[in-house]
Amino acid sequence: MFLENTVDKAKRHGWIEVITGSMFSGKTEELIRRLKRAKIARQKVMIFKPRIEVRYSEEEVVSHDENSIQSTPVDSSANIVLLASGVEVVAIDEAQFFDEGLVDVCNQLANSGTRVIVAGLDMDFRGVPFGPVPRLMSIAEYVTKVHAICVRCGRLAQYTHRTSDEEQLILLGETDIYEPLCRGCFSKINSGE
């Protein structure tokens, strides 16, 4: 009896993992890899994405390398808690597009024993912290920062540069309007050099 209670309590410990970096750095690819491993371990998994993210698919999370996994699109972070009951691993892609309530949602899930894996941009196209991702990084047990390759010089890229003149914060696009840049190239472009 004592051993059973100890095991039950041990199973209830959850945590938060954040995968972050610029566009084209492999965030979604890493998220999908971790979910596939959880499925191999026969864990019950569920992945969520913001309903506005429809670049490749309305119902799937798709990486730039065209790997995909079935997902549930939601309008707000509060929907995640309602839908994730009994799930061992909850994954959230494109976290930067969610409301600030995502931080509380992730904490609530982790505190109830769920492994929470979140992927999203840490900075917007201006180099400014983006959405709830920076706050999630501060409370996560594990943070993985992935890097793209700077398209201008070949160094590691951590910035997402918007090549169009559009100014709105959220503008869905791919290589047609975004490119990964290193600190040096990003600074040059933004200083007008």
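Can you find a residue in region 143-162 that is farther than 22 Å from Glu100 by Cα, among the small types (Gly, Ala, Ser) and touching a His at 6+ places or on another chain (Cβ under 7 Å)?
Yes, region 143-162 contains a residue that is farther than 22 Å from Glu100 by Cα, among the small types (Gly, Ala, Ser) and touching a His at 6+ places or on another chain (Cβ under 7 Å).
So, of the residues in region 133-167 that are among the aliphatic types (A, V, I, L, M) and not in a strand (DSSP E or B), which turns out to be farthest from the chain's Cα centre (by Cα)?
Here the residue is Val151.
Of (1) buried (at least 16 other Cβ atoms within 10 Å of the Cβ); (2) without any contact (Cβ under 8 Å) to a residue 40 or more places away in the chain, Arg155 satisfies all except one. Which?
(1)
Could you list all residues from region 110-132 that are part of a loop (DSSP other than H, G, I, E, B) and among the charged types (D, E, K, R)?
Asp122, Asp124, Arg126
As an exercise: evaluate Ser187 against (1) farther than 23 Å from Leu31 by Cα; (2) in a loop (DSSP other than H, G, I, E, B); (3) among the small types (Gly, Ala, Ser) and give the number of the one condition it does not meet.
Failed condition: (2).
Limited to region 33-73, what total is found for residues that are at pLDDT below 90, surrounded by 15 or more Cβ atoms within 10 Å (Cβ to Cβ) and hydrophobic (A, V, I, L, M, F, W, C)?
3
Return the residues of region 145-176 that are modelled with pLDDT under 90, closer than 14 Å to Arg126 by Cβ and of a type in the set (Val, Ile, Thr); say none if nothing qualifies.
Ile170
Take the residues in region 75-134 that are in contact with a Lys or Arg (Cβ under 6 Å, 6 or more places away or on another chain) and surrounded by fewer than 20 Cβ atoms within 10 Å (Cβ to Cβ), then tell me which one is farthest from Lys39 (Cα to Cα).
Asp75
Just to be sure, is Val81 part of a strand (DSSP E or B) and either more than 14 Å from Gly131 (Cα to Cα) or touching a residue at least 40 places away in the same chain (Cβ under 8 Å) (or both)?
no
The values are calculated or read from the model by the stated rules, or taken from the named source; none is laboratory data. Since we're looking at a predicted model, the values are computed, not measured. Methodologically, a virtual Cβ is constructed for each residue, glycine included, from the backbone with ideal geometry; neighbour enumeration extends over all protein chains shown.
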